[in-house]
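What follows is one structure encoded as structure tokens, with my remarks underneath.
The values are calculated or read from the model by the stated rules, or taken from the named source; none is laboratory data. Computed from a predicted structure; not experimentally measured. Neighbour counts are summed over all protein chains in view; Cβ atoms, including those assigned to glycine, are modelled from backbone coordinates with ideal geometry. Surface accessibility is based on the protein's heavy atoms, side chains included, excluding ligands, DNA and RNA. Shrake-Rupley method; radii C 1.70, N 1.55, O 1.52, S 1.80 Å.
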Amino acid sequence: MNTAASSSSGSPFDRAHVASIVDHTLLKPEATRADVDALAREAEALGAYSICVSPSMLPVETSVKVATVCGFPSGKHTSAVKAAEAAESVARGADEVDMVIDVGATKDGRFDDVEADVRAVREATEGRVLKVIIESAALSDDEIVAVCRAAVAAGADFVKTSTGFHPAGGASEHAVRLMRQTVGPDIGVKASGGIRDAAAAHAMIAAGASRLGLSGTRVVLDGLDGDATGADAPQAAAGY
């Protein structure tokens, strides 16, 4: 499981390391197979960790890891449907699954239901990496903490800020920092949604993100050129 947010080979802010923690993402409804093939080739060329695509696009031939989404983007599917979708994606070659929680259940304080939802998908994806999308921009701090604890209790490998499709917004430094403080060093934190330049990527890594979901990966990485040492970047969260 790739949850580390620092690299033994250099700065956590250098281009190669940042690329190595990127899920190069294409989840637009109008995406075509040609678009996905181009995404895969670009991910390989950039040194990204994975591509993240819709379930209907599986399988994808690529040398990088393949992630997909489940219950996307609303999270308002039943647990049985999410589990079935995740199981089919694994059978079709997904290495990782990013599932969306029922945000309404969180707003209701039904954290046992959230945990059960995550557990159903966990059981359907045994042996694969499971990331749990919490839509942090739509939650209070207390709700973020509670839902992260529920996800970890259910066996999640990562908690993830956002789908990128919610009107409340995407990742924030505050949410990433709170998520990292809640889950500790051994669970991944993925920042996704609205990370469009090198400065934003720096900020998310400094706050504790160990994976980044990016659609404009090349722009972010090109912005890191000339700053290989990360000297002007924020300091990384200790131990992450």
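Being of a type in the set (A, V, I, L, M, F, W, C), free of Cβ contacts under 8 Å to residues at least 60 places away in the same chain and touching a strand residue (DSSP E or B) at 6+ places or on another chain (Cβ under 7 Å) narrows it down to one of A151, A203, A175, A199, so name that one.
A151
Within the range 132-146, how many residues are part of a helix (DSSP H, G or I) and either over 16 Å from T182 (Cα atoms) or more than 18 Å from the chain's Cα centre (by Cα) (or both)?
The qualifying residues number 6.
Given (1) open to solvent by less than 10 Å² (accessible area, probe 1.4 Å); (2) assigned to a loop (DSSP other than H, G, I, E, B); (3) among the charged types (D, E, K, R), identify the lone condition not met by D186.
(1)
What residue, among those in the range 149-175 that are among the charged types (D, E, K, R) and outside any loop (DSSP other than H, G, I, E, B), is farthest from D95 (Cα to Cα)?
Top of the filtered list is E173.
Where residues in the range 120-131 are within 19 Å of the chain's Cα centre (by Cα) and not hydrophobic (A, V, I, L, M, F, W, C), which of them is most open to solvent (accessible area, probe 1.4 Å)?
My answer is E126.
Considering only residues of the range 13-68 that are open to solvent by 10 Å² or more (accessible area, probe 1.4 Å) and of a type in the set (D, E), which is nearest to H202 (Cα to Cα)?
If we take residues in the range 13-68 being open to solvent by 10 Å² or more (accessible area, probe 1.4 Å) and of a type in the set (D, E), then D14 is nearest to H202 (Cα to Cα).
Taking the range 69-94, which residues are open to solvent by less than 50 Å² (accessible area, probe 1.4 Å) and either at pLDDT below 95 or not β-branched (V, I, T) (or both)?
C70, G71, F72, G75, S79, K82, A83, A86, A87, S89, G93, A94
Just checking, which of D117, D141, D108, D98 is out of contact with any strand residue (DSSP E or B) (no Cβ under 6 Å at 6 or more places or on another chain), surrounded by 23 or more Cβ atoms within 10 Å (Cβ to Cβ) and of a type in the set (D, E, K, R)?
D117
Output the residues belonging to the range 91-130 that are of a type in the set (V, I, T) and out of contact with any helix residue (DSSP H, G or I) (no Cβ under 7 Å at 6 or more places or on another chain).
V100, V129
What do you reckon, is A209 at pLDDT 95 or above, out of contact with any Cys (no Cβ under 9 Å at 6 or more places or on another chain) and assigned to a helix (DSSP H, G or I)?
No, not satisfied.
For the condition at pLDDT 95 or above and surrounded by 19 or more Cβ atoms within 10 Å (Cβ to Cβ), what is the one hit in L224, L214?
After ruling out the rest, the residue left standing is L214.
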